[in-house]
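A short worksheet on the structure shown next.
The values are calculated or read from the model by the stated rules, or taken from the named source; none is laboratory data. Nothing here was measured: the structure is a model prediction, and the numbers come from that model. Positions of Cβ are backbone-derived with ideal geometry, glycine not excepted, and every protein chain shown enters the neighbour counts.
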Amino acid sequence: MADDIGSGALLDTARFGLGHEPMVQESLVAGAALVLFSGDKLLGGPQAGILAGKAELVAKARKHPLARVVRADKLCLAALEATLIHYLRGEAEREIPVWRMIAAPVEELDRRARLWAQRIGHGEVVDSRSTVGGGSLPEETLPTRALAFPMSKPQALLARLRAGSPPIIARVAEGRVLLDPRTVLEDEDEPFIAAVIAGFSA
């Protein structure tokens, strides 16, 4: 039996208040001979397709003529190895960006949103929801605290933010432009704040 689980989750998403996403190790323990999953998405590594399972079946797949066309290059393999090492060390929630974002506590997001408001000079901090993914965890959301800017013409600000450096993708809800700290890593705060200030000044 082959099991295509897609997302490549190695951590239990239910621990973070989300629906349970099937995990690679669960499929293997349940008896799947081959498990297919992504190297990016919830695994959090480079974009790749991964095949795991019974050694003889994996070896047979590697001998297929198409395997040479789709095989990962050395850079992809190095990035995948670095990602998986974080799981082996039990530090995925701290070191892998997607899990850092999922695991971020609302209190910390509130602190950062208030810092953004102070540095940018306006906006209000509001309750909101972060959408986790599309193909993985569709329609699943997490509570967050966002910096909101009430605007009569929000699309103009959105366009300026997208054109900035670095580009910023904001969203609009109830006539307000929302910036969600769950979607920005903390070490990216300084260039992020500068880009938002530039977007308002343009």
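Below are the figures for this structure:
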quantity	calculated
Residues that are of a type in the set (G, A, S) and closer than 21 Å to V106 by Cβ, drawn from segment 166-202	A170, A173
Residue in segment 144-151 that is surrounded by 13 or more Cβ atoms within 10 Å (Cβ to Cβ) and among the basic types (K, R) present	yes
Set A48, A55: member being surrounded by 12 or more Cβ atoms within 10 Å (Cβ to Cβ) and either free of Cβ contacts under 8 Å to residues at least 40 places away in the same chain or farther than 29 Å from M1 by Cβ (or both)	A48
3 or more residues under 22 Å from the mean Cα position of the chain (by Cα) and touching a residue at least 60 places away in the same chain (Cβ under 8 Å): qualifying helices (runs of 4 or more DSSP H) within segment 84-155	97-103, 106-120
Among (1) at pLDDT 95 or above; (2) outside the structural domain of L18 (by TED's automatic domain parsing); (3) surrounded by 14 or more Cβ atoms within 10 Å (Cβ to Cβ), the one test that Q118 misses	(3)
